[in-house]
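The structure appears below as C-alpha cells.
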Amino acid sequence: VDQAQTFMTAGQITTAATISFVIMEVTRDPTIRERLVKELDPLALPLLKPRAEAGALLSEDDADCMALMKQLDELPYLDAVIKESLRVYPPATLMPREAIEDDYIDGVLIPRGTTLSIPIHMLMVDPTIWGP
C-alpha cells in the first residue's frame with residue numbers, strides 16, 4: 001500500500017514540479033539558459049517559426065511533432081538540466097517504509113512494524129556524496 005500511495009502521489013506532481021524547478025533554474029542561471037537555448041534553437045526554430053506565422057499549432061498526430069519529440073529526447077544538455085533538477089528538487093522528499101522484520105541499522109534495533117522515513121532530499125544534496 002505504501003508503494004501505491006507513493007507512486008500515485010509522485011505521478012500527480014512529478015511533471016509539474018519538475019517543469020517548475022527546471023524553469024526556475026534556467027531563469028536563475030544565465031549560463032544554463034544560454035547553453036540550453038543554444039542546444040534547442042537549431043531544432044525548434046525551423047519547425048515552429050513557419051507554423052507560428054501561419055497560426056498553426058503542432059498536434060501529437062503531426063509527423064513534425066513526433067520528429068521534434070524524438071530530437072528532444074536526444075539533447076544531452078536538456079537531459080542533464082532535467083536530471084539535475086530532479087536530483088536537487090526531488091518530487092518526493094521523504095519515502096516512508098515499514099520494517100517487515102526486526103533488523104539493525106548501525107547497531108540500532110529497528111523492530112518489525114516500525115515506520116522509517118528515508119530522507120530522499122537530504123541524500124540528494126549531501127555534500128559528502130555530491131560535493132560542494
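Here's how it looks for Ile110: its modeled amide H is under 5 Å from those of Asp103, Tyr104, Ile105, which are all 5 or more places away or on a different chain.
Using r as the Cβ-Cβ distance of Thr27 and Ala4, and R0 as 30 Å, what FRET efficiency do you calculate, to the nearest 0.05?
Numbers: r = 35 Å, r/R0 = 1.18.
The value I calculate is 0.25.
The slack between Gln71 and Leu94, meaning 0.36 nm per residue of separation minus the straight C-alpha distance, is 4.9 nm.
Quick note: the coordinates plus some simple rules give every number you see, no bench work behind them. Everything numeric here is computed off the predicted structure, so don't read it as measured data. Cβ atoms come from the backbone with ideal geometry, glycine included; neighbour counts cover every protein chain shown.
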